[in-house]
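Asker: Pasting a structure below so you can have a look.
The values are calculated or read from the model by the stated rules, or taken from the named source; none is laboratory data. Everything numeric in this text was worked out from a predicted model, so none of it was measured. Every residue, glycine as well, gets a Cβ built from its backbone with ideal geometry; the counts of neighbours run over all protein chains shown.
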Amino acid sequence: MNKRNKPTIAFIGGGLMGHGIIKNILKGGYAVTILDHPGNRPIDDLVSGGACVGDSVQAMASQADVIFICVTGTPEVENVMLSPDGVLAGLQEGSIVVDCSTALPQSTLKLAAAVADKGASYVDAPMTRTPKEAEEGRLNVMLGGAAVALDAVIDIINCYAENVYRTGPVGSGHKMKLIHNYLALGNAVLAGEAVACAQKCGVDMETFCEVIMTGGGDSLVFRRLLPYIQQGDDSSFRFSVANAEKDLRYYNAMAEGLGVSNAGSVAVHGVLEQAKGAGMGGKSMPSLIEYFKELGL
């Protein structure tokens, strides 16, 4: 522990979401070491705010009470955890790994078992909302893990979260996140197609938006699309098509493993997979509106 009796933190993944999380953890008075990685956003402001920079995951894990991972998905999490210079190689007894990524629950359970073998704990802590809310410290966080581990990290998570939900044992946070993202991203695909159709068929778009917002088609997702519909501004929904495709792929794998119906998610994933294949992977979800307008031309 540091001199303030707060746990020391190693943070792997200073990208769009991680940057804001780190910023707010630093504001909470915690000592944070960030992995130096080309995938990070510029971290000069974080360093000036007190963060240290490390170049070895193993070394960082060996010196931290809590290790945060905030990377793209399961392959990246497994690489961070299992590589020769990874978290498990340096993990100390009594430490806690907090996985903020969106990942396959079955992988989460395997990693949690490997962490438990080292005498440490694993918490899955995926998030909803966007990089904007990450910077503002207003994310929604779903926590899966043993109560004692959740209690040990809750004050850290409260630094960057507006709403925190304890979803159950390890893996339940990632299950909840996949279900949430299917609903949210499915809504975004449907809304994007509807907007593209409205624009091409010539209806008045101001009236269109008013009708949707006062009827059953209204949703938080539609409201996030509004700035793009009205001004071409995607800043309220900077979630990439590639990430959306990955999340729906993970959801389908989970649903198929459970033997539950997934016809709708298969259809949504097919749309996202096609868009990604057409070069839209790095584009934001609102950009799908332009993609839909061009289809069939």
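Asker: Name the residues in region 125-164 that are surrounded by 15 or more Cβ atoms within 10 Å (Cβ to Cβ) and either assigned by TED's automatic domain parsing to the domain that holds SER236 or among the small types (Gly, Ala, Ser) (or both), would you?
Answerer: ALA125, ALA134, GLY137, GLY144, GLY145, ALA146, ALA149, ALA152, ALA161
Asker: For region 194-225, which residues satisfy the criterion of being within 22 Å of THR130 (Cα to Cα) and surrounded by 17 or more Cβ atoms within 10 Å (Cβ to Cβ)?
Answerer: VAL195, SER219, VAL221, PHE222, ARG224, LEU225
Asker: Consider LEU178 carefully, then state whether it is among the aliphatic types (A, V, I, L, M) and either within 14 Å of the chain's Cα centre (by Cα) or crowded, with 22+ Cβ neighbours inside 10 Å (or both).
Answerer: Considered against the rule, which asks whether it is among the aliphatic types (A, V, I, L, M) and either within 14 Å of the chain's Cα centre (by Cα) or crowded, with 22+ Cβ neighbours inside 10 Å (or both), LEU178 comes out as yes.
Asker: Go through region 269-294 and report how many residues are of a type in the set (A, V, I, L, M, F, W, C), over 25 Å from VAL77 (Cα atoms) and in contact (Cβ under 8 Å) with a residue 60 or more places away in the chain.
Answerer: Qualifying residue count, region 269-294: 4.
Asker: Which ones in region 244-268 are in contact (Cβ under 8 Å) with a residue 60 or more places away in the chain and over 20 Å from the mean Cα position of the chain (by Cα)?
Answerer: GLY257, GLY264
Asker: Okay, moving on. Looking at (1) surrounded by 15 or more Cβ atoms within 10 Å (Cβ to Cβ); (2) without any contact (Cβ under 8 Å) to a residue 60 or more places away in the chain; (3) under 24 Å from GLY14 (Cβ atoms); (4) not aromatic (Phe, Trp, Tyr), which one does THR167 not meet, given that it meets all the others?
Answerer: So the condition that THR167 fails would be (3).
Asker: Among (1) part of a helix (DSSP H, G or I); (2) out of contact with any strand residue (DSSP E or B) (no Cβ under 7 Å at 6 or more places or on another chain); (3) in contact (Cβ under 8 Å) with a residue 40 or more places away in the chain, which single condition is THR72 missing?
Answerer: (1) is the only condition that THR72 fails.
Asker: Here's a follow-up. Tell me the residue from GLU76, GLU93 that is among the charged types (D, E, K, R), assigned by TED's automatic domain parsing to the domain that holds ILE34, at pLDDT 95 or above and under 14 Å from the mean Cα position of the chain (by Cα), please.
Answerer: Step by step, each of GLU76, GLU93 is checked, and only GLU76 is among the charged types (D, E, K, R), assigned by TED's automatic domain parsing to the domain that holds ILE34, at pLDDT 95 or above and under 14 Å from the mean Cα position of the chain (by Cα).
Asker: Can you name the number of the only condition in (1) free of Cβ contacts under 8 Å to residues at least 12 places away in the same chain; (2) under 19 Å from GLY90 (Cα atoms); (3) touching a strand residue (DSSP E or B) at 6+ places or on another chain (Cβ under 9 Å) that ILE154 fails?
Answerer: ILE154 satisfies all of (1) free of Cβ contacts under 8 Å to residues at least 12 places away in the same chain; (2) under 19 Å from GLY90 (Cα atoms); (3) touching a strand residue (DSSP E or B) at 6+ places or on another chain (Cβ under 9 Å) except (2).
Asker: Another question, then. Going by the conditions given, is MET81 assigned by TED's automatic domain parsing to the domain that holds ASP117, surrounded by 14 or more Cβ atoms within 10 Å (Cβ to Cβ), under 16 Å from the mean Cα position of the chain (by Cα) and not in a loop (DSSP other than H, G, I, E, B)?
Answerer: no
Asker: Take region 96-129 and flag every residue that is on the phi > 0 side of the Ramachandran plot and charged (D, E, K, R).
Answerer: Hit for region 96-129 is ARG129, nothing else.
Asker: Can you tell me which residue in region 22-40 is farthest from the chain's Cα centre (by Cα), limited to those that are under 23 Å from ASP85 (Cβ atoms) and surrounded by 15 or more Cβ atoms within 10 Å (Cβ to Cβ)?
Answerer: ALA31
Asker: Mind checking which residues of region 41-62 are more than 14 Å from GLY86 (Cα to Cα) and not hydrophobic (A, V, I, L, M, F, W, C)?
Answerer: Hits for region 41-62 are ARG41, PRO42, ASP44, ASP45, SER48, GLY49, GLY50.
Asker: Output the residue which, of all residues in region 144-203 that are out of contact with any helix residue (DSSP H, G or I) (no Cβ under 8 Å at 6 or more places or on another chain) and not in a helix (DSSP H, G or I), is nearest to LEU226 (Cα to Cα).
Answerer: If we take residues in region 144-203 being out of contact with any helix residue (DSSP H, G or I) (no Cβ under 8 Å at 6 or more places or on another chain) and not in a helix (DSSP H, G or I), then VAL203 is nearest to LEU226 (Cα to Cα).
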